[in-house]
1. So with the 1.4 Å probe, I'd like the accessible area per residue for the chain, rounded to whole Å².
2. Rounded to the nearest 500 deg cm²/dmol, what is the calculated helix-only ellipticity per residue at 222 nm for the chain, with -39500 (n - 2.57) per DSSP H run of length n ≥ 4?
3. On the accessible surface of the stretch 18-142, probed at 1.4 Å, how many percent belong to carbon and sulfur atoms?
4. Considering all projection directions equally, how large on average is the shadow of the alpha-carbon convex hull of the stretch 42-138, in square nanometres?
5. By how many nm would the segment from Ala112 to Leu1 lengthen if fully extended, with 0.36 nm per residue of separation less the alpha-carbon distance?
6. Please compute the Kirkwood hydrodynamic radius of the stretch 10-54 from all pairs of different C-alpha atoms, in Å with one decimal.
7. Pull out the extension gain between Arg101 and Leu133, defined as 0.36 nm times the separation in residues minus the alpha carbon to alpha carbon distance; nm, one decimal.
8. To the nearest 10 square angstrom, how much accessible area does Ser75 have with a 1.4 angstrom probe?
Amino acid sequence: LAGMLLGHAVLALGAFLVLATSSALSARILTGVAAAALLLRSRLFVTLRQRVPLVVGGLAGVFSLGWNMLAHAGSTTLLGVVGLALVLAIVTVAAGATYSRRPPSPYLGRAADLIDTLTVVSVIPIACAVVGLYGAVGNLGH
């Protein structure tokens, strides 16, 4: 299992690198959704050798998404991305400090399960948008 998860993370890293070269909105959405799916799925594994590849792959996706957005951003978008990253960092540190002393609520775990399911299911339609399938189907009648 650990080897399969490592292989999955390596393939995801390669896909993130390819998607980072595109400036299309659908490629950015796919990168974000796939990175979130990897990070959310990693919480289901107990041992470090199973969890670490998914966390590293998910963080690589977040990094490639941030790099893509910053490379193609204007000054207003750049300010928004930096502000969002700062807020996300503060929330992460606060959650880590809080949940190091007490376990999270079962409702938070259930919400993470639902979001995990939604992200995994939404990867396929977004990938179809990235490869241009919807445009190709729309042009079949012409």
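1. For the chain, the solvent-accessible area averages 66 Å² per residue.
2. Details: 6 runs with 117 residues, N = 142.
The helix-only estimate for the chain comes to -28500 deg cm²/dmol at 222 nm.
3. The value for the stretch 18-142 is 75 percent carbon and sulfur by accessible area.
4. Hull-based average projected area comes out at 8.9 nm².
5. 37.7 nm
6. By the Kirkwood definition, the hydrodynamic radius is 11.3 Å.
7. 6.7 nm
8. Counting only protein heavy atoms, Ser75 exposes about 100 Å² to solvent.
The values are calculated or read from the model by the stated rules, or taken from the named source; none is laboratory data. Since this is a predicted model, take the numbers as computed values, not measurements. For the accessible areas, the whole protein counts, side chains as well, though only heavy atoms, and no ligand, DNA or RNA atoms are used. Shrake-Rupley method; radii C 1.70, N 1.55, O 1.52, S 1.80 Å.
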